[in-house]
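Colleague: Would you mind keeping the following structure in view while I ask a few things?
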Amino acid sequence: MKEEQKKKQAAVISVVAGLTLSTLKFFVGFTTGSLGIISEALHSLLDLGASVITFFSVRLSIKPPDSNHNYGHGKIENLSAIAQGLLLLGTCIWIVIEAIERLSGKDVNVEATISAFVVMAISVVVDAFTSFLLYRAARKYSSQALEGDALHYFSDIFSSIVVLIGLGGVKLGISSLDSISALCVSVIIAVASFRLMYRSVQELLDIAPKGVREKIMVIMEKIPQIRKVERIRVRRSGPRFFVDMVISTKRLMSIDESNELADRIEREIQDVLPESDVMVHFHPSKEEGLQEKIFALINNPPEGIQDIHDVKIFKDEGSSGNFLSIHAKLNPNLSLEEGHSIVSEFERSICREVKEINSVVTHIETSYGSNSGKRVEMDDEIVRVIRDAILKDERIDGIHDVYLHSSKEGSFLSCHVSVKNSVNLEEAHKLSTLVEEKIRNILPDLHDIVIHTEPKESG
């Protein structure tokens, strides 16, 4: 059975219970003249009215969001709970007035009959059963309307017991106990009503649900990509929670990475708050290191700069700042004046954004993008000469996949060089540079050389 059907079923049960109890109590109350029973009958009648309100509010609150109600219709349940509280307070006022009049000497004949005791005992059982069903449904489906209805029937249990005590007093000849029991009932109802209305008004004002923020923070602390949770706002509408968050992450996070992180946050929050609506907004972290700040800028170069590489940061001994050196590739069809203007503005933007950088120097290169070309067969003798020259270094284990490529930029050579496993990454880079120099000594007209270094077992 769907959630909506179960909530409706609980509301229907409360309507039937309210109708049955109010009918029985009115009949016995008027036949015995007991104010306590009549007050309970009115209480049950208002319970019936509240249950009818609950039934319709539950039906309306489960409607999905639409163009005019973007957050759904869950607030209807809060309005229903307030209406129920006002009805109960109205009952209290009538009971108090009547009880005071009777205690002041109003002549009323009260009969403590067996039927009165039986009806009130039945009322206790029915109220307990109905309250249990409504509370269970309210907790399971986070329905404040059902919870308010359950509160009605729960308070009826105690008020019915008080009325039974009053009837017992009448039976023993203490007629004032009937009015006193009615006053006690009104106090119980009033306190329950004020509590219910207070909570409903708080939710209408979007009070932060108690303990929810702490649960979300526990989740956030377990996600390593999150550097800081800057803001969490949580509101509730009926059974659903709406969560919006501002989170600081590393500046270099890609759109795909951000999307994956947002999906993970949403899934983990929904595990704790089922069916919650989660909105995550990312901010670049203000607690970045110098290198991260720089790479955040050069990974998003301005229009006109096609690639940036060979980034070097130097400590400026003459000041507390740093000096930055970069290589930038631009379209070769640009004039020198245009290229210089683009690079100069980029340098100024780096100094503005990264206060730790005092100055930037850019080496301008040209980029031809994707070039058409072809692989050219190399002379076996040249390959042998290259291999012999390279293998003289004992740290190099072998060379393979030596190819020559031609393009409009010129010829370039690519090869794979296997090095000993004991060589670290820095040494491997130095070896790559050494290999490039040896190849250029053999083939000085090459436009470029691409060397892939790899550990011995990869060869």
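Colleague: Read through the list (1) closer than 30 Å to Leu324 by Cα; (2) touching a Gly at 6+ places or on another chain (Cβ under 6 Å), then give the number of the only condition that Ser407 fails.
Modeller: (1)
Colleague: Is it the case, given these coordinates, that Asp401 is on the phi > 0 side of the Ramachandran plot and within 54 Å of the chain's Cα centre (by Cα)?
Modeller: In short, yes.
Colleague: Residues of the stretch 401-421 being of a type outside the set (Lys, Arg) and farther than 13 Å from Val435 by Cα, which ones?
Modeller: Within the stretch 401-421, Asp401, Tyr403, Leu404, His405, Ser406, Ser407, Glu409, Gly410, Ser411, Phe412, Asn421 qualify.
Colleague: Scan the stretch 369-381 and give yes if some residue there is modelled with pLDDT of 85 or more and of a type in the set (A, V, I, L, M), otherwise no.
Modeller: Within the stretch 369-381, none of the residues are modelled with pLDDT of 85 or more and of a type in the set (A, V, I, L, M).
Colleague: Could you say whether any residue in the stretch 39-50 is surrounded by fewer than 14 Cβ atoms within 10 Å (Cβ to Cβ) and either under 24 Å from Ser155 (Cβ atoms) or modelled with pLDDT of 75 or more (or both)?
Modeller: Within the stretch 39-50, not a single residue is surrounded by fewer than 14 Cβ atoms within 10 Å (Cβ to Cβ) and either under 24 Å from Ser155 (Cβ atoms) or modelled with pLDDT of 75 or more (or both).
Colleague: Out of all the residues in the stretch 396-407, which are surrounded by 14 or more Cβ atoms within 10 Å (Cβ to Cβ) and modelled with pLDDT of 85 or more?
Modeller: Ile396, Asp397, Gly398, Ile399, Val402, Tyr403, Leu404
Colleague: So, in the stretch 188-242, of the ones that are in contact with a His (Cβ under 9 Å, 6 or more places away or on another chain) and surrounded by fewer than 17 Cβ atoms within 10 Å (Cβ to Cβ), which residue ends up farthest from Tyr153 (Cα to Cα)?
Modeller: Step by step, filter the stretch 188-242, then rank; the result is Lys228.
Colleague: From the residues in the stretch 61-83 that are at pLDDT below 75 and within 25 Å of Ser155 (Cβ to Cβ), which one is surrounded by the most Cβ atoms within 10 Å (Cβ to Cβ)?
Modeller: So the residue we want is Glu77.
Colleague: Quick one: how many residues across the stretch 215-261 are among the acidic types (Asp, Glu) and in contact (Cβ under 8 Å) with a residue 40 or more places away in the chain?
Modeller: 1
Colleague: Test of understanding: among Ala145, Ala128, which residue is at pLDDT below 75 and either outside any helix (DSSP H, G or I) or under 24 Å from Glu77 (Cα atoms) (or both)?
Modeller: Ala145
Colleague: Among the residues of the stretch 261-277, are any basic (Lys, Arg), under 25 Å from Glu221 (Cα atoms) and at pLDDT 85 or above?
Modeller: Within the stretch 261-277, one or more residues are basic (Lys, Arg), under 25 Å from Glu221 (Cα atoms) and at pLDDT 85 or above.
Colleague: Oh, and also: Please go through the stretch 412-457 and pick out each residue that is in a strand (DSSP E or B) and β-branched (Val, Ile, Thr).
Modeller: Of everything in the stretch 412-457, those that are in a strand (DSSP E or B) and β-branched (Val, Ile, Thr) turn out to be Val417, Val419, Ile449, Val450, Ile451, Thr453.
The values are calculated or read from the model by the stated rules, or taken from the named source; none is laboratory data. Note that the structure is predicted; figures quoted are calculated from it, not measured. Virtual Cβ from ideal backbone geometry, glycine too; neighbours counted across all protein chains shown.
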